[in-house]
Structures are given as C-alpha cells and as structure tokens.
Amino acid sequence: MVSIAALMVSCVSVGAAAGKPDFPANDVNNTENEWKLIAVYINGEDTLFRRDTLPKEPGNLFTLTLGAELLSGVGAPNRYSAPYTRGDNQSISVMLMRSTMMAALFEPEKLNEHDFFIYLQNAYEWKQVNNNLELQSKTQNGSEVRLVFSL
C-alpha cells in the first residue's frame with residue numbers, strides 16, 4: 001500500500017512538472033506572476049497614482065494575476081476575480097467581476113478601489129512595454145484609461 005501511494009505521488013509530481021511551461025519571469029502568461037499597479041493614465045494624462053508613494057503598512061494593493069482563464073488580485077483591500085479571454089491582436093475581454101466586500105481602512109487618494117475594478121472590467125487590450133504590463137480600458141463615461149503594472 002505504501003509503494004502504491006509513493007508511486008501515485010511520484011506520477012503526479014512528474015506530470016505537474018512536465019505540464020508546466022517554462023515561462024520567462026516577465027511573461028504575461030506566467031500564472032505565478034503578481035503584477036502590481038504602478039501608474040494610471042486617463043486620456044493620456046497622468047493621474048499621479050504612484051505605487052512608491054503608498055504607505056508600506058497596508059500591504060499589497062492593486063495587484064493582478066492572469067491565470068489561463070481567470071484574472072485575480074487584490075484591490076484596496078478586497079480580493080477579486082473574473083473570467084476573461086484573450087483574443088487576436090492582444091485583445092482582452094473581462095467577464096463579470098466578483099470581489100469580497102471588506103471595508104477599506106486605507107484607500108489611496110489618487111485611485112479608489114471601485115474605479116480600479118471598473119477599469120479592469122472595461123479592459124479591451126493588453127500589451128507588454130519595457131517589461132511592464134499595460135491594460136487599455138475605459139472609464140464609466142468612456143474616457144481612455146491606461147493601467148501600468150510591473151512585477
């Protein structure tokens with residue numbers, strides 16, 4: 001019985017290692033990457049949101065992980081996830097987003113969680129620029145938004 005259990009664990013380990021592609025550290029498709037929002041531009045203008053000015057105390061805010069079919073992360077402070085699809089020419093379509101409903105003890109002045117979720121929900125294009133991930137999106141009133149994430 002012990003040898004069968006050891007064999008099963010061994011087969012699962014080999015299968016998992018063989019099925020996992022070897023992605024470079026900055027690859028968007030690497031589901032282990034947690035991208036952190038570093039800047040937000042609306043209609044090409046800098047909103048002055050800067051990750052490096054956030055207090056260290058609240059922990060990670062405004063993160064994004066792109067799984068095979070599910071994007072997820074942390075807003076400020078809620079965890080979120082949404083199914084999504086990537087199409088041709090770096091298009092992206094985010095389905096209905098869900099999140100926890102914790103009260104925010106801290107929310108950066110230049111970006112609130114509600115707007116961050118709207119920008120993610122409205123994302124229509126992604127690209128990598130200088131090792132950053134950029135999502136093109138729209139505000140509720142149709143203004144262009146560019147979210148810049150870094151590892």
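The values are calculated or read from the model by the stated rules, or taken from the named source; none is laboratory data. All figures in this text were calculated on a predicted structure; none of them were measured in a lab. Glycine gets a Cβ as well: all are built from the backbone with ideal geometry, and neighbour counts include every protein chain shown.
Brief remarks on what is shown
- Pairs linking a residue in segment 110-121 that is among the basic types (Lys, Arg) to a residue that is buried (at least 18 other Cβ atoms within 10 Å of the Cβ), with Cβ atoms under 7 Å and 6 or more positions apart or on different chains, are Lys110/Phe49.
- Selection over segment 74-108 of residues that are more than 21 Å from Trp126 (Cβ to Cβ) and not charged (D, E, K, R) gives a count of 11.
- Members of segment 58-109 found to be exposed (fewer than 13 other Cβ atoms within 10 Å of the Cβ), closer than 20 Å to Ser150 by Cα and in contact (Cβ under 8 Å) with a residue 24 or more places away in the chain, listed by number: Ala68
- Residues located in segment 83-124, provided they are farther than 13 Å from Ser137 by Cβ, of a type in the set (Gly, Ala, Ser) and within 14 Å of the chain's Cα centre (by Cα): Ser99
- Segment 120-151, subset closer than 24 Å to Asp52 by Cβ and of a type in the set (Phe, Trp, Tyr), residue surrounded by the most Cβ atoms within 10 Å (Cβ to Cβ): Phe149
- Matching option when the condition is more than 20 Å from Asp46 (Cβ to Cβ) and of a type outside the set (A, V, I, L, M), among Ser137, Ser93: Ser93
- Taking the criterion of being surrounded by fewer than 17 Cβ atoms within 10 Å (Cβ to Cβ) and either of a type in the set (Asp, Glu) or in contact with a helix residue (DSSP H, G or I) (Cβ under 8 Å, 6 or more places away or on another chain) (or both), no residue of segment 110-119 qualifies.
- Tally, over segment 59-72, of residues that are closer than 17 Å to His114 by Cβ and at pLDDT below 90: 1
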